[in-house]
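Shown below is the structure under consideration.
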Amino acid sequence: MRAFFMTPLVIFLLVMIVMLAKLLDSPPKDMNFLVGKPLPAINLAAAYEGLPGVNNEAMKGKYVLVNVFGSWCITCQIEHPFLMKLKQNNIIPIYGINWRDKPEALAAYLKTNGNPYEAIGNDFDGKTVVDLGVTGAPETLLISPEGKVLMRYAGPVVDEVWALKFQPLLGAK
Amino acid sequence: MKPAASLQRVKRGVNPLRHFCASLIAITIFLCSTAHALTIEKTLENPKDEARAQEIFRQIRCMVCSGESIADSRADLAGNMREVIRSKVSEGMGDKQIVEYLTSRYGNEILMQPPLQLATYLLWFGPVLILLCGIGGVVCFLRGRKNHSP
């Protein structure tokens with residue numbers, strides 16, 4: 001008799017546990033449906049005077065970072081010093097995608113904080129950002145020399161993140 | 001003494017009906033102003049296209065809000081996605097194609113409703129199955145009781 005009453009309750013609890021686990025399991029920060037696929041075509045005009053815009057041709061032949069950022073983005077300022085470090089030590093070229101930004105604001109931001117980028121593309125209408133499956137700033141993609149997306153990180157790239165997530169993939173195909 | 005004084009207060013005080021109407025007007029103005037904030041974004045000129053775009057918006061989840069579609073959300077990314085969808089609609093891209101494009105970039109979680117695929121059959125039909133089992137269990141139990149009662 002008892003068992004009869006307990007069974008539906010047990011099933012209910014099991015289902016609840018599974019659903020709760022799935023719900024709380026937010027997508028990992030390095031998940032993106034482009035990982036493993038070729039980088040979509042990017043063709044952005046220059047956002048900053050003095051640096052070219054961003055296109056796939058310029059990025060081929062070497063490992064590069066594609067970094068989505070904006071001068072308005074507070075979290076981007078947290079990763080900025082590390083990006084400067086990457087630039088100053090010639091570790092990896094960084095191609096910036098300037099999302100929803102104004103040229104004056106961008107110029108002021110780079111003047112104050114320094115410029116770690118090889119090129120900065122103007123993505124004011126956000127078409128490229130959606131094309132890359134990006135959900136916010138800062139987000140960074142690691143691209144192989146053949147133009148394949150090796151990984152994507154949603155959040156500020158700082159020393160620990162670089163060491164744990166990006167560095168191991170340098171040398172991957 | 002006291003009842004007279006309170007009566008006086010009611011007479012001199014704010015007419016409750018007027019107060020209610022004023023509140024109603026204020027609330028309506030407030031609601032209209034927030035609606036206006038949303039319509040500042042450029043809609044498509046062709047009303048058919050805009051209607052098509054709106055229909056797609058209702059199917060796409062806002063990735064940075066919990067549970068809202070991009071039709072309802074005021075988040076930046078949602079506005080961004082609406083713009084991108086509008087430009088694809090005006091370029092002539094079909095509804096299915098646009099949705100496929102977005103799921104290829106963001107995965108199935110970008111859809112408000114999980115797709116009806118083999119992998120999600122359990123999600124869709126599970127609750128109904130559990131309900132049927134429950135009903136079946138209750139029926140069996142009641143039948144059993146009938147047999148046992150004198």
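Okay, residues lined up against (1) hydrophobic (A, V, I, L, M, F, W, C); (2) in a helix (DSSP H, G or I); (3) over 24 Å from the mean Cα position of the chain (by Cα):
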position: B:V99; (1), (2), (3): yes, yes, no
position: B:L116; (1), (2), (3): yes, no, no
position: B:Y121; (1), (2), (3): no, yes, no
position: B:I135; (1), (2), (3): yes, yes, yes
position: B:V139; (1), (2), (3): yes, yes, yes
position: B:K146; (1), (2), (3): no, yes, yes
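Right, A:W162: in contact with a Phe, Trp or Tyr (Cβ under 8 Å, 6 or more places away or on another chain) and within 14 Å of chain B (Cβ to nearest Cβ) or not?
The answer is no for A:W162.
Sticking with this one: Give the residues of segment A:123-173 that are among the polar types (S, T, N, Q) and more than 26 Å from B:C65 (Cα to Cα), sorted by residue number. Step through it out loud before you land on a result.
Here is the first cut: in segment A:123-173, the residues among the polar types (S, T, N, Q) are A:128, A:135, A:140, A:144, A:167.
Once the filter is applied, which keeps residues that are among the polar types (S, T, N, Q) and more than 26 Å from B:C65 (Cα to Cα), segment A:123-173 yields A:S144, A:Q167.
Follow-up question, since we're still on this one. For A:P8, which of the numbered conditions (1) modelled with pLDDT of 80 or more; (2) in contact with a Gly (Cβ under 7 Å, 6 or more places away or on another chain) fails to hold?
Of the numbered conditions (1) modelled with pLDDT of 80 or more; (2) in contact with a Gly (Cβ under 7 Å, 6 or more places away or on another chain), the odd one out for A:P8 is (1).
The values are calculated or read from the model by the stated rules, or taken from the named source; none is laboratory data. None of these values were measured; they are calculated from a predicted model. All Cβ positions, even for glycine, are placed from backbone atoms using ideal geometry, and neighbour counts span all protein chains on display.
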